1. Kindly list, by first and then second residue, each pair from a residue in the stretch 6-35 that is in contact (Cβ under 8 Å) with a residue 24 or more places away in the chain to a residue that is of a type in the set (F, W, Y), limited to pairs with Cβ atoms under 6 Å and residues at least 6 apart or on different chains.
2. For a quick check of your reading of the model, give me the residue pairs whose first member lies in the stretch 46-69 and is more than 14 Å from Y23 (Cβ to Cβ), whose second is surrounded by 19 or more Cβ atoms within 10 Å (Cβ to Cβ) and small (G, A, S), with beta-carbon atoms closer than 6 Å and at least 6 apart or on different chains.
3. Go over the candidates G108, G45 one by one and state the one that is at pLDDT 95 or above and in contact with a Phe, Trp or Tyr (Cβ under 9 Å, 6 or more places away or on another chain).
4. So, in the stretch 1-33, exactly how many residues are in a strand (DSSP E or B) and over 15 Å from I70 (Cβ atoms)?
Amino acid sequence: MSQQKNELVLSFKNSADLSAKQYYFVGISADQSVNVSGASAKPVGVLIEPNKSGYTNVPVGVCVLGTAKIVVKKNADEALPAAGDYIVSASDGKGMKLKSETVDLNRGIALESASAEGDIIEILLV
């Protein structure tokens with residue numbers, strides 16, 4: 001299912017080589033550059049237009065509103081996201097199912113179900 005419509009993509013400079021991090025959550029720093037988001041972070045969006053390998057401090061495209069694809073991983077309960085689950089950033093920037101009902105770190109809602117770690121699913125950014 002590909003619903004990617006009406007997304008808002010902003011350009012930020014990267015503070016690290018993000019060439020292998022397409023469809024990962026990214027966070028923004030005080031200098032307004034982005035890097036892979038960590039656990040308990042509040043990501044600004046999903047990296048959809050990464051830089052070329054080896055480059056830093058160059059523009060990258062970050063989807064901040066609408067739908068985006070995300071690489072997923074299992075949470076601490078070994079659960080993968082299913083359609084309708086809240087999605088948060090894992091420690092490596094991948095999307096994972098929110099373990100508890102505390103939604104203050106929720107960044108998206110899964111629009112598809114994952115069948116394996118590393119799958120790429122579509123989420124609605126919130």
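1. Within 6 Å, the pairs are V34/F12.
2. As it stands, the answer is V64/G45, since those pairs meet every condition given.
3. G45
4. Number satisfying all stated conditions: 8.
Table: residues versus (1) part of a strand (DSSP E or B); (2) in contact with a strand residue (DSSP E or B) (Cβ under 7 Å, 6 or more places away or on another chain); (3) among the aromatic types (F, W, Y); (4) under 16 Å from E7 (Cα atoms).
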| position | (1), (2), (3), (4) |
| --- | --- |
| N51 | no, yes, no, no |
| N57 | no, yes, no, no |
| T67 | yes, yes, no, yes |
| I70 | yes, yes, no, yes |
| E78 | no, no, no, no |
| N106 | no, yes, no, no |
| A116 | no, no, no, no |
| I121 | yes, yes, no, yes |
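The values are calculated or read from the model by the stated rules, or taken from the named source; none is laboratory data. Here the structure is a predicted model, which means the values were calculated and not measured. Methodologically, a virtual Cβ is constructed for each residue, glycine included, from the backbone with ideal geometry; neighbour enumeration extends over all protein chains shown.
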